[in-house]
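Peer 1: Okay, handing you the structure first.
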Amino acid sequence: MTTMQLNEELFHQLAIIAKDEGLMRKAVKALKRIAGKETLETPRMSREEFFARIEKASQGESRSFADVNELNNYVSSL
């Protein structure tokens, strides 16, 4: 997957969980762990800008995978 495709997929998945505060908290915690940062930083965009980007990404092309094997097969075919 290209960086652009990964960005689109990330924002598509965020659009799905953005409606549930509990899922958003889990996502933030996981992202902090992945990034290796446990401190809060000043947001780089406003809440409105964030949701505008999610809306834009949700209108773009996206892919869904039933399981990890299907995802692996797709990535291997690229």
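Peer 1: What is the helix-to-structure angle for 3-17, meaning the angle in degrees between its Cα long axis and the longest Cα principal axis of the chain, kept from 0 to 90 and rounded to the nearest 10?
Peer 2: Its long axis makes an angle of about 60 degrees.
Peer 1: How many Å² of accessible area per residue for the chain, probe 1.4 Å? Write down the numbers at each step before the final one.
Peer 2: Numbers: 6700 Å² over 78 residues.
With the other protein chains kept in place, the chain gives 86 Å² per residue.
The values are calculated or read from the model by the stated rules, or taken from the named source; none is laboratory data. Small disclaimer: the values here were computed from a predicted structure and weren't measured. Quick note on the areas: whole protein, heavy atoms, side chains included, nothing else; ligands and nucleic acids left out. Shrake-Rupley method; radii C 1.70, N 1.55, O 1.52, S 1.80 Å.
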